[in-house]
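Notes for the one structure printed next.
The values are calculated or read from the model by the stated rules, or taken from the named source; none is laboratory data. No experiment lies behind these values; they were computed from the predicted model shown. Heads up, the Cβs are rebuilt from the backbone with ideal geometry, glycines too, and the neighbour counts pull from every protein chain shown.
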Amino acid sequence: MTTCKTQERFTVRIILFLLVLLCIVTGGCGGKASDQEETAEEDSRIKVGFSQLGAESDWRSANTASMKETFTPANGYELIFEDGQQKQANQIKAIRTFIQREVEYIVLAPVTETGWDTVLQEAKDARIPVIIMDRKVDVQDDSLFTCRVGSDFELEGRKAAEWLRSYTEAKGIGPEDLHIVNIQGTIGASAQIGRTKGLADAAKQNGWDLLAEVTGDFTQAKGREVMASLLRQYENINVVYCENDNEALGAIEAIEAAGKTPGLDLTAGEIMIISFDGVNEAALDCVRQGKIACIAQCNPEQGALVSDIIHTLEQGGTPEKISYTEEEIFAVDDTVKEIEIMGTVYPVTILD
Ligand code: GYE
């Protein structure tokens, strides 16, 4: 059904464009040629509604920028952008507005996984394809969205945990000597669910002491606040697993304010920080300084991938249901050169 509508629109656009072109060539329509060209160009733009979940982190700002840079009039798009400010209700409202405004595609970066069935059914009934970007949606019926572009968050978590396992093993630190706290992302967000699972599974398998899991909401302020309170609660924390870099920057502030040192030398009493994203320059600098030991990259450059999907759909094609972004692992210490997860080897990029 969706494909039919897309083809219809494609044909209408071509006819419109040819008609205007004919008018211009024959001079038959009167008026200025440039006005007609402009109208034709505006009519041929693909109307896209994008519901972004918020602006909580540097990753999010980079992701929004990637979308805005891609979905421009020069690239043949009209973009309607809505910021959900971390609230699912706002995102649902935005989707309903997009439907009313008869956009041709909806792009949704969902704040949490569940609760989307009704509104996505409404979009489907209106025959508007929905592309999920970044986090996942957990819906009863997968045909409620056309496809998803984003990261494999559990894999990111496993990579970070495997780096920690390899590093501490190489340094002769026993698993029972790792006392870890997890500053989680926004609860219920795929990036939180996957990264939390990656660590929890590894802790179980390796016999690590996972002291606490507390949300830091993916923000620097909350990361700082949560870390300060964890330090008061537990004396023996020596690893902090932050589910994004903004939280890590906040955790570093709290650790230093408590007179402790973020670093890689656990035997000297330093506290090791592990994190995700690798977008923020300040966080990458912290890696260079050893204040963050390892970052599992999360790639926010997803605008072009979404645009490719729309082009495929415009031509009547079927995009992959899920496309994952390519992601690296960053560290400064070269003890761990690569890690292996389920038979796949991932090299570690050493920053200098
Ligand atoms: O890691 C974090 C952001 O969903 C991948 O959300 C995204 C995460 C990202 O706030 O910084």
Residue list for the stretch 52-67, restricted to those being hydroxyl-bearing (Ser, Thr, Tyr), touching a helix residue (DSSP H, G or I) at 6+ places or on another chain (Cβ under 9 Å) and under 15 Å from residue 249 (Cβ atoms)
57
Among the residues of the stretch 280-290, is there at least one that is surrounded by 14 or more Cβ atoms within 10 Å (Cβ to Cβ), within 24 Å of residue 201 (Cβ to Cβ), in contact with a helix residue (DSSP H, G or I) (Cβ under 8 Å, 6 or more places away or on another chain) and not assigned by TED's automatic domain parsing to the domain that holds residue 131?
no
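Inside the stretch 222-267, can you point out the residues that are among the hydroxyl-bearing types (Ser, Thr, Tyr) and surrounded by 22 or more Cβ atoms within 10 Å (Cβ to Cβ)?
241
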Using beta carbons and a limit of 7 Å, which pairs, at least six apart or on different chains, have the first residue in the stretch 326-352 and in contact (Cβ under 8 Å) with a residue 12 or more places away in the chain and the second one among the charged types (D, E, K, R) and surrounded by 18 or more Cβ atoms within 10 Å (Cβ to Cβ)?
327/156; 329/159; 339/159; 339/162; 341/158; 341/159; 341/162; 346/159
Look through the stretch 131-159, keep the residues that are more than 17 Å from the chain's Cα centre (by Cα) and of a type in the set (A, V, I, L, M, F, W, C), and return whichever of them is farthest from the ligand (Cβ to nearest atom).
144
Among helices (runs of 4 or more DSSP H) entirely inside the stretch 72-181, those with 2 or more residues being in contact with a Ser or Thr (Cβ under 9 Å, 6 or more places away or on another chain), outside the structural domain of residue 346 (by TED's automatic domain parsing) and within 30 Å of residue 39 (Cα to Cα) are 88-100
Among the residues of the stretch 250-272, are any closer than 24 Å to residue 152 by Cα and either in contact with a Phe, Trp or Tyr (Cβ under 8 Å, 6 or more places away or on another chain) or among the hydroxyl-bearing types (Ser, Thr, Tyr) (or both)?
no
Within the stretch 199-219, identify whether any single residue is over 27 Å from the mean Cα position of the chain (by Cα) and either of a type in the set (Gly, Ala, Ser) or crowded, with 21+ Cβ neighbours inside 10 Å (or both), and answer yes or no.
yes
Mind listing whichever residues of the stretch 297-319 are under 14 Å from residue 151 (Cα atoms) and either of a type in the set (A, V, I, L, M, F, W, C) or away from the ligand (no atom under 15 Å from the Cβ) (or both)?
298, 305, 306
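Looking at residue 352, is it assigned to a loop (DSSP other than H, G, I, E, B), modelled with pLDDT under 95, closer than 30 Å to residue 256 by Cα and charged (D, E, K, R)? Please lay out each step first, then the result.
Numbers: assigned to a loop (DSSP other than H, G, I, E, B): yes; modelled with pLDDT under 95: yes; closer than 30 Å to residue 256 by Cα: yes; charged (D, E, K, R): yes.
The answer is yes for residue 352.
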